[in-house]
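Visitor: First, the structure itself, so that you have it in front of you.
The values are calculated or read from the model by the stated rules, or taken from the named source; none is laboratory data. Note that the structure is predicted; figures quoted are calculated from it, not measured. All Cβ positions, even for glycine, are placed from backbone atoms using ideal geometry, and neighbour counts span all protein chains on display. In case anyone asks, the SASA skips ligands and DNA or RNA and just uses the protein heavy atoms, side chains included. Shrake-Rupley method; radii C 1.70, N 1.55, O 1.52, S 1.80 Å.
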Amino acid sequence: MNYETIIGLEVHAQLRTQSKIFCRCATEFHASENQNVCPVCMGLPGSLPVLNEKAVAFALKMAVATHCQIQPTSIFSRKNYFYPDLPKGYQISQYDKPLATAGVVEIVLENTSKKIRLHRIHMEEDAGKNVHGERYSYVNYNRAGIPLVEIVSEPDLRNAQEAAEYLRTLRSILRYLDISDGNMEEGSFRCDVNISLRPERSDRFGTKVEIKNINSFRFVENAILYEMERQRMCLEEGKRIVQETRLWDEHEGKTFSMRQKEEAHDYRYFPEPDLMPLEISAEWVSQIRSTLPEFEQVKKQRFMTQYQLTNYDAKLLVQEKSLADYFEQTVHRGGDPKLVCNWILSEVLREFEVSKVACSSLTPGHLAELICLIQKGTISGKIAKDVFEKILKQGKMPSQIVREEGLEQISDAAQLEKVIEFVVSEQGDLVKQYREGQKNKFSFLVGQIMKKTQGKANPKIVSELLKNKLEREDT
Amino acid sequence: MKISPQEVERLAKLAWLKLDPEEVKRYSQELSSILDYVETLNQLDTSQVSPTYHVVPQKSHLRKDEIGRSLSQEEFLSMVPAHEEGAVKVPKIIDIE
Ligand SMILES: [Zn+2]
């Protein structure tokens, strides 16, 4: 029998505020253990939570960017369970009255696009981080109380590729909004997968399984592919799928059952008595709406029409907003778009990671000036690569390096004629062979001329002059 | 409204409370009578009343995103039963992660 796979994803993204969601502890990632804790996030008696305005603004940005309906009033609730990473004995979350509902995210696949509906987006606090030893577990509470948005999709995804692209798109929106790092490996972007199978053309959902503990985009795809196959085999053998939580083990390449007691799911939610209802005004929403950036897909299309870039090049440039901005700043300083694009995608990205280009020592000013020197014919493309290395080492402006080191391209015909004269007389044998029909000797002669001028000769002019000379004296 | 001894046991387990059989029996009776009392409210027609999430009609107070003083690591660790190299040490958690 053929089966259809039904996938819904729950994503948790840490919001990049300075302080935690309900207290003023810092959120920095690299603090030493249990350094950023206080009576509020540790749930000491008498302490009271106060909601961080920026955390709300960030969550709103995500909700508006994904076309959600913003709820004018939302309620924080206590989700009760006992676990060492949760010092209060409950997590402050949103339950029956979330911040936002009914959104949509458009994902772009090979040649089509697909709209994935969002069920809801709500705010909550993160828990501490556990490390498990031989006999004990060790808890670091710095993460407890860091603001999270939970983004819950409808079961609209049908395969591993769609799920991965959906995740990539969410991450891109979060990063374009500059509200989250979206780093799966460091845990600031986490994903739980709900997956079930049903016979093709059936309209009832099968029993779903939840997969947790997936910490890279690639693992999400692997986990889904494995789980699809496991459930298919199960159904083929006439067995029932057990509704359960499974963990992905990348090392083993399989999911395994977490086997938890069923009452663990009874969280006995109730409204958080220490926090008043969160009211969002229409003005706040429209103010947020007016600050939204141009997102990845729209930017890509604009780059293709405005700068005549290929789909492939534009896609690479817009993968990070900071990189796309870097490209445009360089173009605005006079660099030819295609040339700037080529330089960024080859030389610049060879030196720096995609997300680090914008804050690197190589400014758009450096790159634009370098490219303008090539465009004006002041230096050759080959010399430009040497100058590029020198900018990275010395931080000087390209024109200064060119001036100080005398790297200007030689385009003066009279000056080049002299060098050509010299090489032609020096390489008598080669010239003879060329004239006898071994045309491939030509490039070797050009190479010799370039060498004599330390690469500064304008190769186009050298070519013309040399060709003229060889043919003229041939007759 | 009847709260059975089984339900009391389940709730006790969720709340990590240890109850002896005597207590289970007593709480079953007491909780039942409390809920019976609350049940009288159900005689009122509340179809036109919105749910009371809070008794004080106030909206949420928001604070600026500013870092304030935290407990020092030393102060915090002095309050926990056991710690090692800055981390809080707890019995090994086996079911998750
Ligand atoms: Zn705190």
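Visitor: Restricting attention to segment A:170-178, does a residue exist that is open to solvent by less than 40 Å² (accessible area, probe 1.4 Å), within 16 Å of the ligand (Cβ to nearest atom) and either modelled with pLDDT of 95 or more or not in a loop (DSSP other than H, G, I, E, B) (or both)?
Guide: No, segment A:170-178 contains no residue that is open to solvent by less than 40 Å² (accessible area, probe 1.4 Å), within 16 Å of the ligand (Cβ to nearest atom) and either modelled with pLDDT of 95 or more or not in a loop (DSSP other than H, G, I, E, B) (or both).
Visitor: Oh, and also: Kindly indicate whether any position in segment A:7-26 is open to solvent by 50 Å² or more (accessible area, probe 1.4 Å) and within 16 Å of the ligand (Cβ to nearest atom).
Guide: Taking every residue of segment A:7-26 in turn, at least one turns out to be open to solvent by 50 Å² or more (accessible area, probe 1.4 Å) and within 16 Å of the ligand (Cβ to nearest atom).
Visitor: Looking at the structure I just gave you, is A:D96 in the same structural domain as A:C234 (by TED's automatic domain parsing), surrounded by fewer than 22 Cβ atoms within 10 Å (Cβ to Cβ), more than 28 Å from the chain's Cα centre (by Cα) and away from the ligand (no atom under 16 Å from the Cβ)?
Guide: Numbers: in the same structural domain as A:C234 (by TED's automatic domain parsing): yes; surrounded by fewer than 22 Cβ atoms within 10 Å (Cβ to Cβ): yes; more than 28 Å from the chain's Cα centre (by Cα): yes; away from the ligand (no atom under 16 Å from the Cβ): yes.
Spelling it out, A:D96 is indeed in the same structural domain as A:C234 (by TED's automatic domain parsing), surrounded by fewer than 22 Cβ atoms within 10 Å (Cβ to Cβ), more than 28 Å from the chain's Cα centre (by Cα) and away from the ligand (no atom under 16 Å from the Cβ).
Visitor: Moving on. If you go through segment A:27-70 one residue at a time, how many are at pLDDT 95 or above and away from the ligand (no atom under 12 Å from the Cβ)?
Guide: 19
Visitor: Those residues that are part of a helix (DSSP H, G or I) and over 47 Å from the mean Cα position of the chain (by Cα), I need them from segment A:446-475; list them, please.
Guide: A:L465, A:L466, A:K467, A:N468, A:K469, A:L470, A:E471, A:R472
Visitor: Right, another one. Do you know which of the residues in segment A:256-280 that are assigned to a strand (DSSP E or B) and aromatic (F, W, Y) is modelled with the highest pLDDT?
Guide: Quick first cut of segment A:256-280, residues assigned to a strand (DSSP E or B) only: A:256-257, A:270-271, A:278-279.
With the extra rule that they be aromatic (F, W, Y), the set shrinks to A:256, A:270.
Values: A:F256: 85, A:F270: 89.
Only one residue tops the list, namely A:F270.
Visitor: If a residue counts only when it is in contact with a Gly (Cβ under 8 Å, 6 or more places away or on another chain) and closer than 27 Å to A:P45 by Cα, which strands (runs of 3 or more DSSP E) contained entirely in segment A:77-149 have at least 3 such residues?
Guide: none
Visitor: Exactly one condition in (1) part of a loop (DSSP other than H, G, I, E, B); (2) surrounded by 10 or more Cβ atoms within 10 Å (Cβ to Cβ); (3) acidic (D, E); (4) more than 7 Å from chain A (Cβ to nearest Cβ) is false for B:D36; which is it?
Guide: Against the list (1) part of a loop (DSSP other than H, G, I, E, B); (2) surrounded by 10 or more Cβ atoms within 10 Å (Cβ to Cβ); (3) acidic (D, E); (4) more than 7 Å from chain A (Cβ to nearest Cβ), B:D36 comes up short only on (1).
Visitor: Can you report the number of residues in segment A:295-313 which are free of Cβ contacts under 8 Å to residues at least 40 places away in the same chain and open to solvent by 50 Å² or more (accessible area, probe 1.4 Å)?
Guide: Number of matching residues: 10.
Visitor: Applying the selection to segment B:24-58, what residues are more than 24 Å from the chain's Cα centre (by Cα), at pLDDT below 85 and within 30 Å of B:E9 (Cβ to Cβ)?
Guide: If the condition is that a residue be more than 24 Å from the chain's Cα centre (by Cα), at pLDDT below 85 and within 30 Å of B:E9 (Cβ to Cβ), then B:N42 is the only one that fits.
Visitor: I've got another one for you. Can you find, within segment A:36-55, the residue that is nearest to the other protein chains (Cβ to nearest Cβ) among those that are closer than 12 Å to A:L15 by Cβ and surrounded by 23 or more Cβ atoms within 10 Å (Cβ to Cβ)?
Guide: Taking the candidates together, the pick is A:N52.
Visitor: Among A:K382, A:K396, which is part of a helix (DSSP H, G or I) and farther than 22 Å from A:Y307 by Cβ?
Guide: A:K382
Visitor: Looking for something within 14 Å of chain B (Cβ to nearest Cβ), free of Cβ contacts under 8 Å to residues at least 24 places away in the same chain and of a type in the set (D, E, K, R) - is there at least one such residue anywhere in segment A:263-286?
Guide: Scanning segment A:263-286 turns up at least one residue that is within 14 Å of chain B (Cβ to nearest Cβ), free of Cβ contacts under 8 Å to residues at least 24 places away in the same chain and of a type in the set (D, E, K, R).
Visitor: What number of residues within segment A:202-214 satisfy the criterion of being within 14 Å of chain B (Cβ to nearest Cβ) and open to solvent by 70 Å² or more (accessible area, probe 1.4 Å)?
Guide: Qualifying residue count, segment A:202-214: 1.
Visitor: Let me ask something additional. Looking for whichever is outside any helix (DSSP H, G or I), of a type in the set (D, E, K, R) and open to solvent by 100 Å² or more (accessible area, probe 1.4 Å) here; the options are B:R69, B:R26. Which one fits?
Guide: So the residue among B:R69, B:R26 that is outside any helix (DSSP H, G or I), of a type in the set (D, E, K, R) and open to solvent by 100 Å² or more (accessible area, probe 1.4 Å) is B:R69.
Residue by residue, here is whether (1) open to solvent by less than 60 Å² (accessible area, probe 1.4 Å); (2) assigned to a loop (DSSP other than H, G, I, E, B) holds:
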residue: B:S50; (1), (2): no, yes
residue: B:S60; (1), (2): yes, yes
residue: B:F76; (1), (2): yes, no
residue: B:I93; (1), (2): yes, yes
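Visitor: Assess whether A:R472 counts as being out of contact with any helix residue (DSSP H, G or I) (no Cβ under 6 Å at 6 or more places or on another chain), open to solvent by less than 90 Å² (accessible area, probe 1.4 Å) and farther than 24 Å from A:I383 by Cβ. Give the steps one after another, and end with the answer.
Guide: Details: out of contact with any helix residue (DSSP H, G or I) (no Cβ under 6 Å at 6 or more places or on another chain): yes; open to solvent by less than 90 Å² (accessible area, probe 1.4 Å): no; farther than 24 Å from A:I383 by Cβ: yes.
Answer is no for this residue.
Visitor: Which of the following residues is out of contact with any His (no Cβ under 6 Å at 6 or more places or on another chain) and either at positive phi or touching a residue at least 40 places away in the same chain (Cβ under 8 Å) (or both): A:F82, A:F76?
Guide: A:F76
Visitor: Okay, next question. Anything in segment B:49-84 that is of a type in the set (D, E), under 21 Å from A:A26 (Cα atoms) and facing another protein chain (nearest Cβ under 7 Å)? List them, or say none.
Guide: Those that are of a type in the set (D, E), under 21 Å from A:A26 (Cα atoms) and facing another protein chain (nearest Cβ under 7 Å): B:D65, B:E66.
Visitor: Continuing with this model, one more query. Only one of (1) outside any helix (DSSP H, G or I); (2) of a type outside the set (D, E); (3) in contact (Cβ under 8 Å) with a residue 24 or more places away in the chain is not met by A:S360, so which one is it?
Guide: (3)
Visitor: What is the one condition in (1) within 14 Å of another protein chain (Cβ to nearest Cβ); (2) within 17 Å of the chain's Cα centre (by Cα); (3) closer than 28 Å to B:Q73 by Cα; (4) without any contact (Cβ under 8 Å) to a residue 60 or more places away in the chain that A:G133 does not satisfy?
Guide: Condition (2) is where A:G133 drops out.
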